[in-house]
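The values are calculated or read from the model by the stated rules, or taken from the named source; none is laboratory data. Please read these numbers as outputs of a predicted model, since none were measured by experiment. Glycine also receives a Cβ, built like all others from the backbone with ideal geometry; neighbour counts cover every protein chain displayed.
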Amino acid sequence: MRIVNRSAVATDVLRPYLEHGAAGIRDAGVLVVLADKADWSGRYSGYACWGVESRIRCAKLGVAQAEYTVILKLRNAENCPARWHGQGLKWFDRRFPSGVPIESPVDYLVTLTAHEFRHVWQFRRAKAAMDGKARPRRLGELDAEFWAVDRLSRFRVLTGRSPIEPAKQPVPAGLAKSRAACAALSPSRKDRHV
C-alpha cells in the first residue's frame, strides 16, 4: 500500500488504522490518497477505482499512477458522523436498523478504509474472472458494508471495547414451520455421505 497524505494528520499516526481497515485484502498495487476538502469534493467520503479511471484520478491529483486507487476524505471530530448507515440498502438496514455507532474519527477511518478496500478485492476478483476483457460495474455495496462493519467490530475488540452486534430478528412463524418441515424430510448429513 502506497499512501499519499494530503491531510494535516501525520501518515505515521494514520498508518496503523489504514492497515487494520485493509487487513485481509492484498494491498499491493493500491494507492491510498488521504484527501482534504480541496482535493476531494465528491459526494462520498471514500472512493475506489481501478484501470483507466485510476490512472485519470492519479493524474488529476498529480501523483504517480497505480493499478488501484482508494481516495479517503478524513473527518475530524466535529464533522464525523455518529452512525454508519448502509446507503439505504434494505438488508443492511434490517441488521442494523439504527446504523452502526461511530465513536470516534478513528472508528470512521477504519470503517471507511475497510469498505473501500473491499471494493478493491471485488475489482480484483471480477478482473480475474473476466480475464481483463471488460470492466465490470461497481459491485457489492452490501458486501462492502458488511465487511466494513466486521472490520470495525474486530478493531473495537482489539481496543478493549464491545463488538458490534446486529439486531436480533424474530423468525416469522411460517418460516419456522417450513424449516422444521424441511428438516424432517431431508436426510441428516451423516445419512447423505454413507
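Against the conditions (1) in contact with a Phe, Trp or Tyr (Cβ under 8 Å, 6 or more places away or on another chain); (2) assigned to a helix (DSSP H, G or I); (3) modelled with pLDDT under 80, Ala114 satisfies every one except (3).
Residues that are closer than 19 Å to Asp107 by Cβ and among the acidic types (Asp, Glu) within the range 1-32 comprise just one, Glu19.
Counting only residues that are modelled with pLDDT of 85 or more and surrounded by 14 or more Cβ atoms within 10 Å (Cβ to Cβ), give me the helices (runs of 4 or more DSSP H) lying completely in the range 1-110 with at least 1 of them.
Result: 11-22, 52-61.
Touching a strand residue (DSSP E or B) at 6+ places or on another chain (Cβ under 6 Å) and at pLDDT 80 or above, is that true of Glu145? For Glu145, the condition - touching a strand residue (DSSP E or B) at 6+ places or on another chain (Cβ under 6 Å) and at pLDDT 80 or above - is not met.
Residue pairs whose Cβ atoms lie under 7 Å apart, separated by 6 or more positions or on different chains, with the first residue in the range 56-69 and touching a residue at least 12 places away in the same chain (Cβ under 8 Å) and of a type in the set (A, V, I, L, M, F, W, C) and the second surrounded by 11 or more Cβ atoms within 10 Å (Cβ to Cβ) and assigned to a loop (DSSP other than H, G, I, E, B), are Cys58/Gln65; Cys58/Ala66; Leu61/Asp39; Ala66/Gly29.
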